[in-house]
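Read the structure below first, then the notes.
The values are calculated or read from the model by the stated rules, or taken from the named source; none is laboratory data. Predicted model, so just to flag it, every value in this text is computed and none were measured. Backbone-built Cβ (ideal geometry, glycine too); neighbour counts: all protein chains shown.
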Amino acid sequence: MEDRVLVYTRTPLGEYTESLSNSIHLALSEDGAPFEPLNQNYGILFPEATVSEHDTILEKGAKSPFLFRTREGGFGLVAVRVAPRGAQDEESRGCVLVWTSTDLTEFRSRGLLRLHNSVHVDAVACQYDEAVGAYEFLWRDAEGNVFVNQVVDLAGGGSKGPRPGSRFPQVADPCNLTDINPGNVLAVEPSIAQAVRDRWTPLAHTETRVPKTVVASSLSELAGVKATAVYSDGSTADKSVAWDTGAVDFSAPGTYRVSGTVQTPVRPFPLARGYADPVILPWEGKYYYIATNDNVDAIGLYVRESETINGLFDDGFREQVILDADESKGFVQTFWAPEFHQIGNDLYVLFAVSGTEWGPQCHMMRLRKGHDIMQADSWETPVRVRKADGSCLAESGGITLDMTYFKADERCFLVWSFRTGLGSPMDSGSMVYIAETTVADPTRLISEPVLLTRPLYGWENVQGAINNEGPYPLLTDETVYITYSGGAARGYTYSIGMLSIPRGSDYLDASAWSKAITPVLNYQSVEGLYGAGHNSLFTDYDGNTWICYHAVASLVGHDVVSSAMHRVHFGRGGVPVFSLSPARDLREELTDVRLEVVVP
């Protein structure tokens, strides 16, 4: 039996809206088995929206996807671009969308390919014809007429046609999948099936390893022996073990059989009910927590302090207001998305705030040298962030918010969200910008702002929300990652996307950044949590990296957003995995381990 890949779109159903369903989905059948949806039956390829002459976003979707082999032996994918709710897209008249891929794990958009000057394409198929050295595009218009174009290059070179064609091929019949709009099925070699499965199925703990024998002369030495959790992509993570040492006499040399239980810290949801945009700061041996406090209508900045992460959320937590409303200083409302950042030798809180007139703008507040984070008088008066010439980041009617900071290759950068025309037909949607700053004065830019991303994909432009916001950096030795959020900030569709760029690049060159075309964390990623978004990242004192975010507990209704967190795993190649739920991080049936302890 052969391995096969099915390409399809979904039928809008329940919570799965048109913005999500009109995207490209894949399913895999291995060795003749029933098809299994990939990426948890969530879209993998989302067509980009276009931008109008008024700088507003014109949402796009896709239908009639078709998968084929390219001349080089890779894969091509062609589909019809549609307007919202699947309507004909005037901007795509006579054109189809084309992507290419080497192994169906990463895709390159080739944009629109023109097949006709005036007729709408309703369905399309493609195959490479070696005899003529060209791709044959077979397509059908809305009236059922069939045409054929020959194209030498998928970028549109050497195009011939259209000419009348024969009967359009029938779509696939994957009998075990429901509520889908199937495209076609393509046979693939086992190596491709393996790559597809590894990339598009949720990462999971598959094996636990411990040494067969260890030498330990004390309880503390044995306590330091960790287990290695192995994951479905072959990556690993060290885990602590609670060893049962009752049978071991460390005063008597010999060999003892010891059992243990593998453990990993789990933070139950909700951690803090009514707290959005959460951030945790390890600082001078303690942990500090700050967030948007929706319980008080986002008025004031509230900070918690504890010796442990759990202590930030246990009963009796210590919380203080470090900045309250002050109309005389222009701090009245929308105390939004506060973040702790060390810039040089100073600690800052970056946040947005409005005066009496609504319109949040980015500010910074610095901790006085040697002072207590938890005391309001320890902090200097907040300063509004400005451009190099001293002008505001946003002109009248624009808002700025969700500012974050990172330093890479001895250069300092601010990243934030900007929006104009909110609530009007001229709404630009929220967009993420980057600019360079300095340690000496991080409140002043030294470069012009550069647009990094705006909500062009269907998962970012959904439920009436047009959002790219909440950026946050994660730096590795090789790569700078920026997570950000899209979708409805208080709804179940809120999701986390990712930008990345190799270290040493020009971080102000927007074209040097890569944008993931599907979320790295969506409402299906973690059991019982929906609308995961507006995240931050930190590494605890034990070396674990965590993603903090807010979420809701239900797909329906208007549940209050609450803080959540889980471990970030670094998968094969060191790429961060943000969607590893606690249940898949450590499978309960793989937590019992045994080894021999040799007491010398």
Seminar exercise, completed: Result of the Cβ filter at 6 Å on the stretch 5-19, keeping first residues that are closer than 21 Å to PRO174 by Cβ and partners that are of a type in the set (Asp, Glu), at least 6 apart or interchain, is THR11/ASP179; PRO12/GLU18; LEU13/ASP179
Problem set entry | Residue that is farthest from VAL462 (Cα to Cα) [pool: residues in the stretch 83-103 that are touching a strand residue (DSSP E or B) at 6+ places or on another chain (Cβ under 6 Å) and assigned to a loop (DSSP other than H, G, I, E, B)] | GLY94
Exercise. So which residues in the stretch 552-580 are at pLDDT 95 or above, among the hydroxyl-bearing types (Ser, Thr, Tyr) and either within 15 Å of GLU527 (Cβ to Cβ) or not in a strand (DSSP E or B) (or both), if there are any at all?
Worked result: SER579
Seminar exercise, completed: The lone condition ARG587 fails out of (1) more than 30 Å from PRO502 (Cβ to Cβ); (2) out of contact with any His (no Cβ under 6 Å at 6 or more places or on another chain); (3) not hydrophobic (A, V, I, L, M, F, W, C) is (2)
Seminar exercise, completed: The number of residues in the stretch 115-134 that are under 16 Å from PRO164 (Cβ atoms), in contact (Cβ under 8 Å) with a residue 60 or more places away in the chain and more than 33 Å from the chain's Cα centre (by Cα) is 0
Exercise. For PRO473, all conditions in the list (1) assigned to a strand (DSSP E or B); (2) at positive phi; (3) not aromatic (Phe, Trp, Tyr) hold save one; what is the number of the exception?
Worked result: (2)
For this session: Would you mind listing the strands (runs of 3 or more DSSP E) fully within the stretch 207-294 where at least 1 residues are at positive phi?
Result: 254-263, 275-283
For this session: Considering every residue within the stretch 488-506, establish whether at least one is assigned to a strand (DSSP E or B), aromatic (Phe, Trp, Tyr) and crowded, with 19+ Cβ neighbours inside 10 Å.
Result: no
Exercise. What are the pairs, 6+ residues apart or on separate chains, where a residue within the stretch 539-556 that is under 15 Å from ASP585 (Cβ atoms) has its Cβ under 9 Å from a residue that is among the basic types (Lys, Arg)?
Worked result: ASN544/ARG567; THR545/ARG567; TRP546/ARG267; TRP546/ARG567; ILE547/ARG567
Seminar exercise, completed: Result of the Cβ filter at 8 Å on the stretch 90-105, keeping first residues that are acidic (Asp, Glu) and partners that are part of a strand (DSSP E or B), at least 6 apart or interchain, is GLU91/THR50; GLU91/LEU58; GLU91/ARG81; ASP103/PHE75
For this session: Restrict the check to the stretch 336-355 and report whether at least one residue is exposed (fewer than 15 other Cβ atoms within 10 Å of the Cβ), in a loop (DSSP other than H, G, I, E, B), touching a residue at least 12 places away in the same chain (Cβ under 8 Å) and more than 30 Å from the chain's Cα centre (by Cα).
Result: no
